[in-house]
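Notes to accompany the following structure.
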Amino acid sequence: MSIQNQQTKLNIGLFGFGVVGEGLYKVLAHTPTLNAQIRKVCIKHADKKRNAPATLFTTDANELLSDESINVIIELIDDADAAYRIVTAALAGKKAVVSANKKLIANHIEELIALQQLHDVPFLYEAACCASIPVIRNLEEYYDNDLLQSISGIVNGSTNYILTKVFEEQKTFDQALLQAQQEGFAESDPSLDVNGIDAVNKLGILLTHAYGIIANPSEIVHTGIQNLHADDASFAKEKGYEIKLVAQAHKLQDGKVAAFVLPQFVKNSQLCTVKNEYNGVVIESSLADKQFFYGKGAGGYPTASAVLSDLSALRYNYRYEYKKLLYQTPSELSNDFYLKVTISFKGLFHVQHERFDKIYEWSSNENRCHITGVLHFSELLNDDWWKQHGVSIILSPEGIIDGYVPEKVSEEVEFVEAVA
Ligand code: HSE
């Protein structure tokens, strides 16, 4: 259904009444100018107490999907498989769809683009990346592929919240994670946040809108904050760095794109100012230089604000055109570049120093060894030694060293003695 008329009422079928769904319900009740009304809400557990009239709820998805008076489906559930069935059925039924489901979108983006085209319906998902920050629409509309040099972002609110609480407020990891869950920032399976999976799903979506790249998130190099150690924080502090989990994509000299999610030491960067559940994205374009987007990246109201903005966009029949994918030559991902990283570990046998092309610095104490050096990206792509056995990897502030000229490590004996 196309909703071209500003007067057309948005009759909404809502799936999910969690933190975001309830936030949206409350906000819509106070936004009469939008001319939008939630007609029915489909929930999983009928007997759970809800802050809305009981007549609004059903457990039967078809009540919403086959109701011809419903012209918009909003999908806000966290089960990506069920969300896939709902979204594809809604698009096939020619209903406009708004979703916040990063996992669903990242894993099925190619098919979902095809369905939008086939059924000629809009599918909007600004809330899926960085919640309240309008990053998808900006990448889609504003930045031309040739000008967009890089995107570096803190795109997961829960891990940023945990890093802030642990490294700046001396909370334990478990306390901080529990708080993130209680505040409604974390996924229902919080390992998706902690292990960097939520962030890589968001990066996958951003790559499509920024560079026209369709990439399976599981094939993008990523890790989270699961192996960061207290000694990594001390190491960072000594150097005046902070540690952030950063999703990034950089256009290389050869025109291809380097993309990954890794913890990174940051200094003198706008990302240093991003604390707690806030997200921040630095976009670099060749003419404008750096621009910084900042806002709440998780939580009921911030996420609902993005859903609301999508609803409003449906009024003028806004839809993503996927310009970089469909009207320009899409970029390709590269695996051929070097990174400057610090590897932090306990047992020397877990880290082969031959993997490094160059070692700048190493240090060790009774808890942890740190090696800072240059790795070819393929060392991370081809196996996962760098996230096994408690090994952690932290990108240096300079990150990618584009145009690096290789010079293999040779000081083997001295190195082994120093870290042993
Ligand atoms: N769990 C997600 C986060 C929610 O912490 O960023 C918002 O996508």
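Bear in mind that the values in this text are calculations on the coordinates, not laboratory data. Keep in mind it's a predicted model, so treat the numbers as computed, not measured. All Cβ positions, glycine included, derive from the backbone under ideal geometry; neighbour counts span all protein chains shown.
Exceeding 31 Å between C-alpha atoms, which entries from my cross-link table qualify? They are Lys40/Lys296; Lys171/Lys387; Lys49/Lys387; Lys44/Lys296; Lys165/Lys324; Lys95/Lys256.
Details: Lys40/Lys296 28 Å; Lys171/Lys387 24 Å; Lys49/Lys387 42 Å; Lys44/Lys296 28 Å; Lys165/Lys324 39 Å; Lys95/Lys256 37 Å.
In this structure, Lys49/Lys387; Lys165/Lys324; Lys95/Lys256 exceed 31 Å between Cα atoms.
Per residue, how big is the convex hull of the range 10-130 when only Cα atoms are used? Give it in Å³. Provide the component values of the computation, followed by the final result.
Numbers: hull volume 12.6 nm³, N = 121.
Considering the Cα atoms of the range 10-130, their hull volume per residue is 104 Å³.
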Original post:
Applying the Karplus parametrisation 6.51 cos²θ - 1.76 cosθ + 1.60 with θ = phi - 60° to the phi angles of the range 66-79, what ³J(HN,Hα) value in whole Hz is obtained for each residue in order, glycine and proline being reported as x?
Top reply: 9, 7, 5, 7, 7, 10, 9, 9, 10, 10, 10, 9, 9, 8
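Order 13-21, 373-381, 55-63 from most to least packed using the mean count of other Cβ atoms within 10 Å. Kindly include the intermediate steps, with their values, before the conclusion.
Numbers: 13-21: 24.1, 373-381: 18.1, 55-63: 12.8.
Answer by packing, highest mean first, reads 13-21, 373-381, 55-63.
May I ask you to work out the translational diffusion coefficient for the range 65-183 at 25 °C, viscosity 0.890 mPa s, via Stokes-Einstein with Rh from the Kirkwood sum over Cα pairs, reported in whole µm²/s? Please report the intermediate quantities before stating the final value.
Numbers: Rh = 16.6 Å.
Estimated diffusion coefficient is 148 µm²/s.
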Original post:
Just how large is the dipole of the range 10-130 about the Cα centre, in debye to the nearest 20, putting +1 at every Lys and Arg Cβ and -1 at every Asp and Glu Cβ?
Top reply: 380
Subject >> Dipole of the range 219-355, positive direction: furthest Cα of Leu325, Val341, Asn268, with charges on the beta-carbon >> reply: Asn268
Original post:
Tell me, what is the percent relative contact order of the chain, built from C-alpha pairs under 8 Å that lie six or more residues apart?
Top reply: 17
**OP:** With everything on Cα atoms, drop me the angle between helix 157-169 and the longest principal axis of the chain, reported from 0 to 90° to the nearest 10.
**Re:** 50
Subject >> Rg/Rh for the range 338-419, where both radii come from Cα atoms and Rh is the Kirkwood radius >> reply: 0.93
Original post:
What is the local net charge at Ala180, summed over the other residues whose Cβ is closer than 14 Å to its Cβ (Lys, Arg +1; Asp, Glu -1)?
Top reply: -4
Subject >> Most positive-pole-ward Cα, Pro122, Ser392, Ala258, against dipole of the chain from beta carbon charges >> reply: Pro122
Subject >> Residue-wise HN-Hα coupling along the range 332-346, computed from phi with Karplus coefficients 6.51, -1.76, 1.60 (Hz; x: Gly, Pro) >> reply: 10, 6, 10, 10, 10, 7, 10, 10, 9, 9, 10, 9, 10, 7, 9
Original post:
Among the aspartates and glutamates, which fall within straight-line cross-link reach of Lys9, defined as a Cα-Cα distance under 18 Å, with same-chain neighbours fewer than 8 residues apart omitted?
Top reply: Asp67, Glu68, Asp310
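In square nanometres, what is the average projected area of the Cα convex hull of the chain?
Numbers: hull surface 83.0 nm².
One quarter of the hull surface, i.e. the mean projection, equals 20.7 nm².
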Original post:
So between Ser364 and Asp336, what do we pick up on full extension, going 0.36 nm a residue minus the alpha carbon distance?
Top reply: 7.0 nm
**OP:** Relative to the longest principal axis of the C-alpha atoms of the chain, give the angle of the C-alpha long axis of helix 197-211, reported between 0 and 90° and rounded to the nearest 10°.
**Re:** 80
**OP:** Determine ³J(HN,Hα), in whole Hz, for all residues of the range 101-113 in sequence, where each value follows from phi through the Karplus function 6.51 cos²θ - 1.76 cosθ + 1.60 and θ = phi - 60°; x replaces Gly and Pro.
**Re:** 8, 4, 5, 4, 5, 4, 7, 10, 4, 5, 5, 5, 5
